[in-house]
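One structure, as structure tokens, below. Some questions next.
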Number of protein chains: 2
Amino acid sequence: MDACGPGTTALDVVKFMTALRPLRYAHANRRQFVAELKEFIRFPSVSSDPRRAADLNRCAQWLARHLQRIGLDRVRVVPTRGNPIVYASWLRAPGRPTLIIYGHYDVLPGEPLREWHTPPFTPTLKNDDLYARGAADDKGQLFSHVKAMESYLKSSRALPVNVKCIFEGEEEIGSPHLTAFIERNKRALRADAAVISDTRMLAPDRPAISYAQRGGLRAELEVKGPPHELHSGNFGGAVHNPLQALCEMIAGLHDAHGRVAIPGFYDDVRRWGEKERAFMAGTGPTDEQILQDAKVERGWGESGFSLYERTTIRPALTLNGMAGGHHGRGAKSIIPARAIAKLSFRLVPDQHPEKVAQLFRDHIARITPPAVRSSVRTFSAIKPALVNRNHPAVRAAAFAYKKGFGSPPVFLRSGGSIPVVTTFQEKLGVPVVLMGFGLPDDNIHAPNEKFHLPNFYNAIATSIWYLALAAKLPGAKRMQGQTEWQSS
Amino acid sequence: MDACGPGTTALDVVKFMTALRPLRYAHANRRQFVAELKEFIRFPSVSSDPRRAADLNRCAQWLARHLQRIGLDRVRVVPTRGNPIVYASWLRAPGRPTLIIYGHYDVLPGEPLREWHTPPFTPTLKNDDLYARGAADDKGQLFSHVKAMESYLKSSRALPVNVKCIFEGEEEIGSPHLTAFIERNKRALRADAAVISDTRMLAPDRPAISYAQRGGLRAELEVKGPPHELHSGNFGGAVHNPLQALCEMIAGLHDAHGRVAIPGFYDDVRRWGEKERAFMAGTGPTDEQILQDAKVERGWGESGFSLYERTTIRPALTLNGMAGGHHGRGAKSIIPARAIAKLSFRLVPDQHPEKVAQLFRDHIARITPPAVRSSVRTFSAIKPALVNRNHPAVRAAAFAYKKGFGSPPVFLRSGGSIPVVTTFQEKLGVPVVLMGFGLPDDNIHAPNEKFHLPNFYNAIATSIWYLALAAKLPGAKRMQGQTEWQSS
């Protein structure tokens with residue numbers, strides 16, 4: 001948190017004047033901030049589990065009360081047909097730019113529980129890491145901005161810019177109700193830029209700004225055979241097995257070289273020029289780093305591309321889970337009656353989720369063996385997103401990182417998908433700034449998720465700087481709409 | 001239960017004198033017998049679930065008390081390292097032959113529970129069918145012999161032969177402790193024949209004697225990838241997925257023609273001559289009947305063989321269950337860390353379970369992709385069994401069926417495996433008689449298992465007849481050891 005180190009310019013000094021008090025406040029209140037973050041994390045706000053709806057509501061209410069207490073205005077828990085959206089604003093800086101700050105308070109399930117060293121919803125501090133589901137994804141990152149705003153409001157009674165907070169509870173299930181909320185409130189949500197912190201840095205001293213997100217599409221594939229389980233002694237060898245058929249179909253989704261074997265799948269995949277691939281090679285993680293992060297010994301997938309490229313500019317189809325027949329304790333001599341698989345696509349420009357869904361359906365229909373029946377359900381379509389990394393709102397973020405973390409950020413593509421990115425770009429016409437504070441070893445979506453507390457502190461400082469810098473954004477309004485970053 | 005119908009011979013009349021009183025007793029006590037069977041069935045004696053050990057013990061105690069009450073001697077609940085064996089004898093007919101009566105009081109799990117119309121361990125009578133897990137496999141069949149013995153002991157105070165009952169609690173998990181019990185008690189268990197009722201008839205008026213059982217071997221296959229689940233956005237396309245690898249490996253266990261693709265798997269499979277295949281075609285179910293029993297529209301498997309042949313003289317490899325990653329409610333964007341599959345082989349003469357286990361291990365090692373690790377566990381090896389269908393003990397059974405069901409039985413091969421068959425043949429040197437009372441639509445090993453009460457009554461009569469006929473077995477002792485039925 002080197003706020004005024006070597007290489008400081010006159011402009012820096014002006015900005016430093018704004019940021020000084022909040023930075024001091026943030027530093028003085030670190031212990032309190034961590035205690036509050038633990039409270040926030042303690043809610044098991046698992047959006048994929050309908051039985052957790054009450055927990056999500058309680059979490060939303062807690063967050064709303066918290067935003068009220070730090071001094072934001074118009075705090076509302078907006079009901080949706082799913083989990084509520086927590087909205088808050090501070091619009092007392094007329095003539096200054098308006099920032100949207102987006103985050104999500106929902107989390108993935110804690111399962112498999114036995115692989116956690118500590119219970120997933122009991123935040124546990126070990127050295128400088130806070131372990132809990134949602135610690136990094138996304139409660140800790142969201143909370144960094146909340147604490148930055150608090151630092152201004154408590155120390156200076158004002159923010160340097162206008163702010164509109166949108167904290168949703170359905171990001172992990174594809175934000176099914178957010179677009180409707182945004183469309184309904186298009187005018188109220190007008191802004192000059194949107195900041196999203198739900199991505200990763202490269203290391204504690206290597207911040208990163210994401211300028212691309214893969215799109216997504218989820219699919220459930222069910223295969224049915226006999227109307228109920230059959231005795232494998234009486235029928236084994238004479239009746240087809242829907243679970244075996246599902247395995248064969250899954251095996252038919254990739255070729256021997258790790259490429260997705262669905263005809264037409266790659267037709268719309270954009271081919272990037274040498275300049276962009278060289279840029280990526282210079283900024284992105286090496287194969288070795290990615291293997292180290294994954295804790296595996298060797299890579300897999302499409303030849304001709306680095307592992308970084310395979311996870312960013314190339315699409316992927318992942319089998320997330322599968323079950324059929326008897327897989328619990330002991331043995332059961334049966335031919336199963338049905339089997340299901342859960343899959344997710346990661347899509348890249350210029351693939352369209354709807355078109356991919358159709359190609360998948362057609363392919364499954366083609367490869368389903370005649371002795372079983374299959375059905376496909378697709379949902380949570382998310383378009384791939386690109387951000388103009390030269391936009392002033394993004395450049396300001398780079399400067400804020402340099403101040404908050406002591407290093408300039410690298411520009412990275414992300415392999416993940418944040419549904420709201422294209423929604424903000426297309427529905428509100430605002431540039432999106434993806435300021436990530438997660439670390440590669442934070443175990444996001446895995447057991448023993450954590451948030452590195454030094455990152456939390458530096459993220460708060462970075463957000464404090466960003467709010468100060470955003471106040472000076474030259475003609476932010478006029479930049480709207482130029483959010484599609486073009487290939488070299 | 002036509003005890004003395006047309007075609008009755010002088011010999012019949014003699015036997016009829018013995019069987020008359022017990023047959024009357026059985027007829028008069030049908031209602032009581034059904035009530036007791038329901039009590040027996042109510043124990044959830046699921047041997048594959050270690051948490052059910054106490055239920056198995058209670059069931060064994062109940063059965064032992066019952067055997068005591070009907071008048072058997074030396075009733076014991078013999079502890080094993082697993083579930084106890086219930087033993088009882090009646091040896092008060094010196095000079096007469098001795099029969100072993102074998103059955104098992106353990107059952108398969110009730111799962112999937114939602115597919116049952118009534119709870120699996122609440123015996124429910126609908127029309128003439130008694131629905132419950134274990135109703136036919138094997139409690140109802142075992143109980144038919146118990147009630148036949150009771151009918152003798154209560155009506156005539158004696159059995160026509162000596163009897164040794166062995167009712168075990170681990171048949172559904174491969175009888176892991178029965179062989180040791182039999183070896184330990186070889187002398188005490190000397191007998192002239194062993195009757196096992198754990199197989200099927202063709203229809204209520206078409207009884208059957210099984211003269212072949214497939215052997216078996218269970219396998220668990222685990223594939224591991226990264227040490228914990230990974231975010232499919234961050235790593236999808238660059239890290240291999242153990243669940244997908246498992247699907248590919250499973251797909252590699254069969255060729256496109258439904259044959260097991262493990263090299264060497266068919267090397268020891270006996271090729272049966274035209275005479276035996278013609279006999280099978282004349283006695284066994286047609287393809288249409290098998291498809292109707294399975295409630296599926298089309299068959300599957302090895303071409304060149306009827307469905308009956310595929311399930312009896314041809315081996316099979318069945319995927320019983322599989323799980324990996326997230327397969328519960330909702331979605332979870334992960335690459336799983338591991339996946340497991342449960343498989344079972346059905347083996348035929350002259351395959352050896354141990355050799356097949358080694359071929360399987362070798363094949364799995366060969367087809368495991370380099371980016372994941374696999375491990376194999378094999379257990380519950382059961383040798384395939386053949387019975388001499390011309391043995392006097394078997395011919396007596398045919399006669400008993402004719403009396404009990406009004407029709408002579410057909411001789412069938414069974415696709416299932418009863419571990420004890422070869423144990424009796426090899427360790428005790430006794431001929432085994434497989435008198436089945438189940439029906440093809442009894443949903444054995446499936447939801448809504450049932451036992452057809454008219455079959456229960458006729459089975460009791462058949463057992464009464466069999467006990468009478470066994471008394472007259474000419475030189476049963478001298479037939480010992482000639483139990484391997486030779487191919488034509």
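For chain A, what relative contact order do you get, as a whole percent, if you take Cα pairs closer than 8 Å and at least 6 residues apart? All intermediate terms of the calculation are to be shown ahead of the outcome.
Details: 1035 pairs, mean separation 122.7, N = 488.
Computed value for chain A: 25 percent relative contact order.
Which net charge results for the neighbourhood of A:I340, defined as the other residues with beta-carbon distances under 11 angstrom from its beta-carbon, given Lys and Arg at +1 and Asp and Glu at -1?
Spelling it out: positives minus negatives among the neighbours equals +2.
Same structure again: Please state the equivalent ellipsoid semi-axes for the stretch B:296-439: what are the square roots of 5 times the Cα gyration tensor eigenvalues, largest first, in whole Å? Each step should come with its number before you reach the end.
Values: eigenvalues 310, 78, 43 Å².
They are 39, 20, 15 Å, listed from largest to smallest.
Cα centroids of the stretch B:357-407 and the stretch A:436-460: how far apart, whole angstrom?
54 Å
Right, something else. Net charge around B:F379, counting only other residues with Cβ within less than 10 Å of its Cβ (Lys, Arg = +1; Asp, Glu = -1)?
Local charge sum for B:F379: +1.
Counting only residues 5 or more places away or on other chains, whose amide H sits under 5 Å from the amide H of A:V195 once H atoms are built in the peptide plane?
Amide H to amide H, under 5 Å and 5 or more residues apart or across chains, A:V195 pairs with A:I100, A:I101, A:Y102, A:V433.
Which value, in debye to the nearest 20, gives the size of the charge dipole of chain B about its Cα centre, when Lys and Arg are +1 and Asp and Glu are -1 at the Cβ?
Charge dipole of chain B: 1600 debye, to the nearest 20.
Would you kindly give the portion of the calculated P(r) for the stretch A:165-285 that falls above 22 Å, as a percent of all Cα pairs?
Looking at the stretch A:165-285, the distances longer than 22 Å represent 67 percent of pairs.
Oh, and also: Quick check: the angle from helix A:242-251's long axis to the longest principal axis of chain A, C-alpha only, nearest 10 degrees?
Taking the Cα atoms of chain A, the angle to A:242-251 is about 60 degrees.
Please order A:W465, A:W116 by the number of other Cβ within 10 Å, starting at the fewest.
Going from sparsest to densest Cβ surroundings: A:W116, A:W465.
Hey, could you pull the Cα Rg and Dmax for chain B, both in Å?
23.7, 85
Then there is this: Residue by residue through the stretch A:456-461, what is 3J(HN,Hα) from phi via Karplus (6.51 cos²θ - 1.76 cosθ + 1.60, θ = phi - 60°)? Round to whole Hz and write x for glycine and proline.
For the stretch A:456-461, the Karplus curve yields 4, 5, 5, 5, 4, 4 Hz.
Once label points are set 7 Å from the Cα along Cα→Cβ at both A:T122 and B:D362, what is their separation, rounded to one decimal in nm?
Between A:T122 and B:D362, the simple spin-label model gives 5.1 nm.
A further question on this structure: Which value at 222 nm does the protein assembly as shown reach when only helices count, each DSSP H run of 4 or more adding -39,500 (n - 2.57), with the total divided by all residues and rounded to the nearest 500 deg cm²/dmol?
Taken over the protein assembly as shown, the calculation gives -10000 deg cm²/dmol.
Another question about this same structure. Could you tell me how far the Cα centroid of the stretch A:274-290 sits from the Cα centroid of the stretch B:257-335, in Å?
That distance is 50 Å.
Please turn the phi angles of the stretch B:415-422 into ³J(HN,Hα) values with the Karplus equation 6.51 cos²θ - 1.76 cosθ + 1.60 (θ = phi - 60°), one per residue in order, whole Hz, x for glycine and proline.
x, x, 9, 10, x, 6, 4, 5
Just the ratio, please: alpha-carbon radius of gyration of the stretch A:235-376 over 2.2 N^0.38 Å, N its number of residues.
Numbers: Rg = 18.5 Å, N = 142, 2.2 N^0.38 = 14.5 Å.
Taking N as the residue count of the stretch A:235-376, the ratio is 1.28.
Would you kindly calculate the mean projected area, averaged across all directions, of the convex hull enclosing the Cα atoms of the stretch A:102-252, in square nanometres?
Spelled out: convex hull of the Cα atoms, projected over all directions, averaged, 16.1 nm².
Going by how many other beta carbons lie within 10 Å of each one, how would you line up B:F360, B:F121, fewest first?
Ranked by crowding around the Cβ, least crowded first: B:F121, B:F360.
Quick one: which residues, 5 or more positions from B:I334 or on another chain, have an amide H under 5 Å from its amide H? H modelled 1.01 Å from N in the peptide plane, none for Pro or chain starts.
B:S232
Lysines near A:K450 by alpha-carbon distance under 23 Å, same-chain residues fewer than 8 away left out - which ones?
Within reach: A:K38, A:K126, A:K139, A:K147, A:K295, B:K332.
Treating only the Cβ of Lys, Arg, Asp and Glu as charged (+1, +1, -1, -1), what charge dipole size does the stretch A:340-434 show about its Cα centre? Round to the nearest 20 debye.
In debye, rounded to 20, the stretch A:340-434 gives about 180.
Let me ask another. Could you work out the longest stretch of chain B that avoids the GluC sites (Glu not before Pro) located in DSSP loops with at most 14 other Cβ atoms within 10 Å?
B:1-296
Right, something else. State the three equivalent ellipsoid semi-axes of the stretch B:285-334, derived from the C-alpha gyration tensor as the square roots of 5 times its eigenvalues, in descending order and whole Å.
34, 14, 8
Quote the relative contact order of the stretch B:269-386 in percent (integer), defining contacts as alpha-carbon pairs under 8 Å separated by 6+ residues.
Averaging sequence separation for qualifying contacts and normalising by length gives 22 percent for the stretch B:269-386.
Suppose we take every Cα in the protein assembly as shown and form the convex hull; what volume per residue is that in Å³? Spell out each step's value before the answer.
Working: hull volume 162.1 nm³, N = 976.
Hull volume normalised by residue count: 166 Å³.
Per 0.36 nm of contour for each residue apart, how much would the distance between B:D350 and B:D255 grow if the chain were fully extended, relative to their Cα-Cα spacing?
My answer for the length gained is 32.0 nm.
Going toward the positive end of the dipole of the protein assembly as shown, with +1 on Lys and Arg Cβ and -1 on Asp and Glu Cβ, which of A:C59, A:N185, B:S374 do you reach last?
Most positive-ward Cα: A:C59.
Oh, and also: In whole Å, what are the Cα extents of the stretch B:121-206 along the three principal axes, biggest one first?
Here the Cα extents, ordered largest to smallest, are 46, 38, 27 Å.
What are the extents of the Cα atoms of the stretch A:378-478 along their three principal axes, listed from largest to smallest and rounded to whole Å?
Computed over the stretch A:378-478, the largest-to-smallest principal extents equal 43, 38, 18 Å.
Given axes a ≥ b ≥ c from the Cα gyration tensor, I'd like to know whether the stretch B:39-156 is rounded (a/c under 1.5), prolate (a/b larger than b/c) or oblate.
Values: a/c = 2.65, a/b = 1.55, b/c = 1.71.
Here the stretch B:39-156 falls in the oblate category.
Mind checking which of B:Y266, B:L246, B:I166 is farthest towards the positive end of the stretch B:156-294's charge dipole, using Cβ charges of +1 (Lys, Arg) and -1 (Asp, Glu) about the Cα centre?
B:I166
Determine the relative contact order of the stretch A:275-343: mean sequence separation of Cα pairs under 8 Å and six or more apart, normalised by residue count, in whole percent.
Relative contact order comes out at 24 percent.
Could you let me know the centre-to-centre spacing of the stretch B:182-199 and the stretch B:83-149, using Cα atoms, in angstrom?
A separation of 18 Å, based on Cα centres.
Which one, A:H327, B:I313, B:H363, projects farthest toward the positive side of the charge dipole computed for the protein assembly as shown from Cβ point charges (K/R +1, D/E -1)?
My answer, from the dipole projection, is A:H327.
While we're on this one: Between B:N390 and the same site in the other copies, what are the distances in nm, shortest first, taking label points 7 Å from Cα along the C-beta direction?
Nearest first, the other copies' label points are 9.6 nm away.
Work out from phi, with θ = phi - 60° and the Karplus expression 6.51 cos²θ - 1.76 cosθ + 1.60, the ³J(HN,Hα) of each residue of the stretch A:398-409, listed in order in whole Hz, and give x for Gly and Pro.
Those phi angles translate into 4, 5, 4, 4, 4, 6, x, 10, x, 9, x, x Hz.
Quick one: putting +1 on the C-beta of Lys and Arg, -1 on the C-beta of Asp and Glu, what dipole do you get for the protein assembly as shown around its Cα centre, in Debye to the nearest 20?
The calculation lands at about 1980 debye.
Taking amide hydrogens as modeled 1.01 Å from N in the peptide plane, which residues meet the under 5 Å criterion relative to B:S210, leaving out close sequence neighbours?
Counting only residues 5 or more places away or on other chains, the set is B:L412, B:L434, B:G436.
Since every read-out is calculated from the coordinates, none of them should be taken as a lab result. Model, not experiment: these values are computed from the prediction. Note: ideal-geometry Cβ built from the backbone for every residue, glycine included; neighbour counts use all protein chains shown.
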